[in-house]
Amino acid sequence: MPTPPEDTFDLAIVGAGINGAGIARDAAGRGLKVLLVEQDDIAGATSQWSTKLIHGGLRYLEHYEFRLVRESLAEREVLLHCAPHLVAPLAFVLPHEPHLRPAWMIRMGLFLYDTLGRRKTLPGSFGVDLGSGKWGAGLKPRFRKGFVYADARVDDARFVLHNVMAARELGADVRVRTRLSAAERDAGGGHWRITLTGASGAVSRVTARALVNASGPWVKQVRDLVSRSPARENVRHVKGSHIVVPRVHPEDHAYILQNADNRIVFVIPFEDRYSLIGTTDVPMDAGFETPQITGEEVAYLLALANTYLARPLTAADVVWTFAGVRPLYDDGASDPSSITRDYVFRVDTGAPGEARAPVLSIFG
């Protein structure tokens, strides 16, 4: 029996998280023939275990990541406009703790946050008296002064699924439960010969003019799989864990809480009756495929929340937990919270001086 002809694509994308889904949608919309493969389910890893926010990264200003914040805030505006059914405005209250960050520093940071992204949709920041009105709801009476600014929340998994469905409507071939088993350039170097393995073990082969490695936590493994030499770039797997507790206050706003270790933790209204508290920053040397919250992380989140909340929370109040892994580019920072959250793109075209089929790997 003759071997069936291989499908040929302009672009083969590995990983159906938000990066892969967004690239597939954009490329298909430009008329390219696109293949998107995912070893598990759509948004099955990092992209469904986030803090459910679309934000510019207020705390990244302290690390002088001005370009990253500006680009993130600009993209926040785009998403508020084009996906209002999935991305919605959310007010955040930052109770002032003078011994952690002085008021002038917070005002300066919020001014930059208001102006860097050329804000159009959301209101500007302002100071509030937490002792009167709704902004101090659920807080201890000792917190008298605070600051309010705007960001946005998102249904993260649905957001990814929305992009994948749009890519498919534009002609993309989407294959879930399908693993990249091998990929090598053909004899002429102009195409990738790609081997895929389905959940049942069935093997299929396709060719593509270019390959995108958007596999998130697995980006280095995939990069090494398709390359003749290991990647020089490394990934830092940093776990972020969350707890869900009964609603800590009846208002619609969230809190951003400062901690003595210079980290911040969010308390966000979640699914009407609950509050989502997160996140942590814990390096993972192993086990990143199935991250789980630890007792120490639960205690950390509860302790910080109880520093601010009037009604103390205990482990018995935790109704659900989840954890995700940030696949961050290894920039050499020793503190997990200070590792860059920016993207790093690496293009490999094979041997120097040769026009060969490229692979783009997305770190971060």
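The values are calculated or read from the model by the stated rules, or taken from the named source; none is laboratory data. Everything numeric here is computed off the predicted structure, so don't read it as measured data. Here the Cβ is made from the backbone with ideal geometry for all residues, glycine too, and neighbour counts use every protein chain on show. Areas reflect the complete protein model, heavy atoms only, side chains present, ligands, DNA and RNA absent. Shrake-Rupley method; radii C 1.70, N 1.55, O 1.52, S 1.80 Å.
Numerical summary
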| quantity | calculated |
| --- | --- |
| Segment 50-68 residues that are closer than 17 Å to residue 238 by Cβ, paired with ones that are open to solvent by less than 30 Å² (accessible area, probe 1.4 Å) and acidic (Asp, Glu) (beta carbon under 7 Å, 6 or more apart) | 50/156; 53/151; 65/342; 68/342 |
| Test for residue 72: is it in a loop (DSSP other than H, G, I, E, B), within 30 Å of residue 107 (Cβ to Cβ), open to solvent by less than 60 Å² (accessible area, probe 1.4 Å) and of a type in the set (Gly, Ala, Ser) | no |
| Positions within segment 256-310 being within 19 Å of the chain's Cα centre (by Cα) and of a type in the set (S, T, N, Q), in sequence order | 279, 280, 290, 292 |
| Qualifying positions in segment 22-41 - in contact with a strand residue (DSSP E or B) (Cβ under 8 Å, 6 or more places away or on another chain) and open to solvent by less than 40 Å² (accessible area, probe 1.4 Å) | 24, 27, 28, 34, 35, 36, 37, 38 |
| Subset of segment 214-232 [closer than 30 Å to residue 321 by Cα, open to solvent by 10 Å² or more (accessible area, probe 1.4 Å) and of a type in the set (Val, Ile, Thr)] | 222 |
| Residue among 138, 146 that alone is over 28 Å from the mean Cα position of the chain (by Cα), under 16 Å from residue 267 (Cα atoms) and modelled with pLDDT of 95 or more | 138 |
| Candidate set: segment 72-99, residues that are free of Cβ contacts under 8 Å to residues at least 60 places away in the same chain and in contact with a helix residue (DSSP H, G or I) (Cβ under 9 Å, 6 or more places away or on another chain); chosen: the one nearest to residue 112 (Cα to Cα) | 73 |
| Residue that is surrounded by the most Cβ atoms within 10 Å (Cβ to Cβ) [pool: residues in segment 273-294 that are over 24 Å from residue 155 (Cα atoms) and out of contact with any helix residue (DSSP H, G or I) (no Cβ under 8 Å at 6 or more places or on another chain)] | 284 |
| Which numbered condition residue 342 fails, given (1) surrounded by 14 or more Cβ atoms within 10 Å (Cβ to Cβ); (2) at negative phi; (3) out of contact with any helix residue (DSSP H, G or I) (no Cβ under 6 Å at 6 or more places or on another chain); (4) modelled with pLDDT under 90 | (3) |
| Cβ-Cβ under 7 Å pairs, at least 6 apart or on other chains, segment 25-49 side of a type in the set (Lys, Arg), far side open to solvent by less than 30 Å² (accessible area, probe 1.4 Å) and in a strand (DSSP E or B) | 33/9 |
| Total residues in segment 140-173, condition within 22 Å of residue 46 (Cα to Cα), of a type in the set (A, V, I, L, M) and touching a residue at least 40 places away in the same chain (Cβ under 8 Å) | 8 |
| Index of the failed condition, residue 235 passing every other in (1) open to solvent by less than 10 Å² (accessible area, probe 1.4 Å); (2) more than 21 Å from residue 152 (Cβ to Cβ); (3) in contact with a Pro (Cβ under 7 Å, 6 or more places away or on another chain) | (1) |
| Pairs, first over 17 Å from residue 90 (Cβ atoms) and at pLDDT 90 or above in segment 110-124, second hydroxyl-bearing (Ser, Thr, Tyr) and outside any helix (DSSP H, G or I), C-beta under 8 Å, six or more apart | 111/125 |
| Positions within segment 204-213 being of a type in the set (Gly, Ala, Ser) and buried (at least 24 other Cβ atoms within 10 Å of the Cβ), in sequence order | 208 |
| Residues located in segment 308-329, provided they are surrounded by fewer than 16 Cβ atoms within 10 Å (Cβ to Cβ), in contact (Cβ under 8 Å) with a residue 40 or more places away in the chain and either farther than 20 Å from residue 259 by Cβ or not charged (D, E, K, R) (or both) | 310, 319, 320 |
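Every residue, every condition in (1) polar (S, T, N, Q); (2) in contact with a Ser or Thr (Cβ under 6 Å, 6 or more places away or on another chain); (3) closer than 27 Å to residue 209 by Cβ, yes or no:
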site	(1), (2), (3)
22	no, no, yes
37	no, yes, yes
40	no, no, yes
47	yes, no, yes
53	no, no, no
56	no, yes, no
67	no, no, no
